[in-house]
1. Quick check: with the 1.4 Å probe, what order do F178, F232 take by accessible area, largest first?
2. How big is the dipole moment of the chain about its Cα centre under a simple scheme where the beta carbon of each Lys and Arg is +1, that of each Asp and Glu is -1, and everything else is neutral? Debye, nearest 20, please.
3. Can you give me the three principal axis dimensions of region 102-249 from its C-alpha atoms, in Å, biggest first?
4. Taking the Cα centroid of region 76-95 and of region 157-231, what is the distance between the two, rounded to the nearest whole Å?
5. Among I241, M159, L23, which residue has its Cα furthest toward the positive end of the charge dipole of the chain, with +1 on Lys/Arg Cβ and -1 on Asp/Glu Cβ?
6. Can you pull the percent of the chain's accessible area that's carbon plus sulfur, 1.4 Å probe, other chains left in place?
7. If packing is taken as the mean number of other Cβ atoms within 10 Å per residue, what is the order of 31-37, 146-152, highest first?
8. Please give the FRET efficiency for R73 paired with R19, using the beta carbon to beta carbon distance and R0 = 51 Å, rounded to the nearest 0.05.
Amino acid sequence: MPTPAPAPNAAQLISPAYRLAALDQDFLLSSPMRGVRFMLEFAKVDEALAAWGVRSTLVVFGSARIAEDGPGRQGDWYGAARAFAALASRQGGAIRTADRLRDNVIATGGGPGIMEAANLGAADVGAPSIGFNISLPHEQEPNAYSTPELTFRFHYFAMRKMHLAMRANALVVFPGGFGTLDELFEILTLRQTDKSPPIPVVLFDEAYWRSVINFDALLAAGMVDSADLKIFRFAETPEQIWAELLDCGLPVAAERTGAGPPNR
């Protein structure tokens, strides 16, 4: 039986140029499309948060290396982050009824350590929480406690940072290393330069932070003003964190709902 002749337009049909642009991964992952990929990372997360009614967040930063049963004060830090997230989720408006919007939803970097503790604290009281994960050379996996539908993965640090900052009603920072310092100083710089609203910033464990950063030396050398050091406060317990946030004007809905499973 003779072999059928190829279709006269076979070469055109299999050419990469003929692919639909939206389905052409080689094209979408090319260097000229970097701006489009930025836009996609923004839009995908924005749509998902809107679907869940997330209007504002409480961002919790801290080390990925802290373990609940870790040495030194690690267990205390982990427990405090978990307790704070539970308290804030219960009283801040993250648990909604009917069609109410969600406010002060716990948002973390989505990984282990303090991030895990904060997501777990929200889960403890039946509240949703957000995990903004990032693709790294040594792949970060999401912790088991962020809400699956609100667990995202970014390629670009810049877009991840934007989503962490743009809905934040407040920032709570537990002990951490380079990554935590990077995120802390980004928010402090935005606040110092009035590029963000005057959101409260609370650092947990004053002794740790003063041992890591000599704030007074920055002031003495004229690198910051005294007003800059009033951008943030310190706290030593979960309850004190919450009190400091409220004292700094954290917006909380008048009607607070009790614990229960999140409703979309």
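The values are calculated or read from the model by the stated rules, or taken from the named source; none is laboratory data. Here the structure is a predicted model, which is why all the values come from computation and not from measurement. Neighbour counts run over all protein chains shown; Cβ positions are idealised from the backbone, glycine included. Side chains are part of the model used for accessible areas, which takes the heavy atoms of the whole protein and leaves out ligands, DNA and RNA. Shrake-Rupley method; radii C 1.70, N 1.55, O 1.52, S 1.80 Å.
1. On the way: F178 185, F232 20 Å².
Most to least solvent-accessible, the answer reads F178, F232.
2. Details: 23 positive and 29 negative charges, 142 e Å.
Value, rounded to 20: 680 debye.
3. Principal-axis extents of the Cα atoms in region 102-249, largest first: 46, 35, 28 Å.
4. 20 Å
5. Of the candidates, L23 comes out farthest on the positive side.
6. Values: 8080 of 13820 Å².
Ligands and nucleic acids excluded, carbon and sulfur give 58 percent.
7. Highest-to-lowest ranking by the protection proxy: 146-152, 31-37.
8. Values: r = 55 Å, r/R0 = 1.08.
Working from the Cβ atoms, E equals 0.40.
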